[in-house]
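Notes follow once the structure below has been shown.
No lab work stands behind these numbers, since they all come straight from the coordinates. What you see is a predicted model; the values in this text were computed from it and never measured. Every residue, glycine as well, gets a Cβ built from its backbone with ideal geometry; the counts of neighbours run over all protein chains shown.
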Amino acid sequence: AAPDVILHHLLGSEYTHSQANEIRKLLHSTTGKHLVLGNREIVHDRGFLRIAPAISSAFRFEIFEIPATVQGIQMEYDHVPDVFPRGEKEKIWIDLSKVSFPIVVRNWSDGDRMQPMGMSGHQKVSDILTHARIPADQKALVPIVEMNGEIIWVAGLKVSGSIKAEETGAPCLVMELINSSLG
């Protein structure tokens, strides 16, 4: 009876007994499973249920010219700095010879993979998001940047070594995650 009181308090009287049973099942499911009830989404996230307004998180933008700002990513032309800031994850410098349009900014999809800088193999984007402890209901909000069908940046988390600008003072494309809540 106590869970029903909590559900009634959180969701109001707009849920049925069968929906309450689905919510109970959700608690014993795998992380990332979710249920949408009206205007709310309930997500199982590492042993907890998170209840939030149901929002559409799908996005896809194609950038054909610079400067541009989209989905919290500012893009502009600049020059490679003399010294790269240590541990910088919210700003990347891209070799201009490797820039290809359109630049796509989108949310992640199942099966997405990238080759992070310093790794010889590929890594699943879902694993990158999980290791960064991004809550399951927030993963789809993390911008993914790709060029020529290759993921070059999981914004604020991992960058591909294939696009890195290295020559000090050379022109480059700078992408910066602005207003980020990523750690």
Say we join alpha carbon atoms closer than 10 Å with springs in a Gaussian network model of the chain; which of Asp110, Asp137, Asp127 then has the biggest fluctuation?
Asp110
Looking only at aspartates and glutamates whose Cα falls under 19 Å of Lys33's and that sit 8 or more positions away or on another chain, we get Glu22, Glu41, Asp45, Asp110, Asp112, Asp127, Asp137
Need one number for the stretch 21-72: average projected area of the convex hull over its C-alpha atoms, nm².
5.1
Angle between the Cα long axis of helix 17-27 and the longest principal axis of the chain, 0 to 90 degrees, nearest 10?
50
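Starting with the fewest neighbours, write out Leu177, Leu49 ranked by other beta-carbon atoms found within 10 Å of each beta-carbon.
So the residues, fewest neighbours to most, are Leu49, Leu177.
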Computed [θ] at 222 nm, deg cm²/dmol, the chain (DSSP H ≥ 4; -39,500 (n - 2.57); rounded to nearest 500)
-4500 deg cm²/dmol
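So, with +1 on the Cβ of K and R and -1 on the Cβ of D and E, and no other charges, what is the size of the charge dipole of the stretch 95-166 about its Cα centre, to the nearest 20 debye?
Numbers: 8 positive and 8 negative charges, 22 e Å.
The calculation lands at about 100 debye.
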Looking only at lysines whose Cα falls under 27 Å of Lys164's and that sit 8 or more positions away or on another chain, we get Lys89, Lys91, Lys98, Lys124, Lys139
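Tell me, what is a quarter of the convex hull surface for the C-alpha atoms of the chain, in nm² with one decimal? Mind showing how you got there, number by number?
On the way: hull surface 48.4 nm².
Averaging across all directions leaves 12.1 nm² for the Cα convex hull.
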What would the Debye formula give as log10 I(q)/I(0) at q = 0.22 Å⁻¹ for the alpha-carbon point model of the stretch 20-107, no solvent?
-1.04
Compute the distribution of all C-alpha to C-alpha distances in the stretch 64-115, in bins of 5 Å from 0, and list the percent of pairs in each, rounded to whole numbers.
4, 12, 24, 25, 21, 12, 3, 0
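Provide the gained length on full extension for the span Glu76 to Ala52, in nm with one decimal, where the gain is 0.36 nm per separating residue minus the Cα-Cα distance. Mind dumping the intermediate values first?
On the way: separation 24, 0.36 × 24 = 8.64 nm, distance 3.47 nm.
Extra length from Glu76 to Ala52 when fully extended: 5.2 nm.
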With a 10 Å cut-off between alpha carbons and a GNM built on the chain, which of Glu62, Glu146, Glu167 moves the most?
Glu167
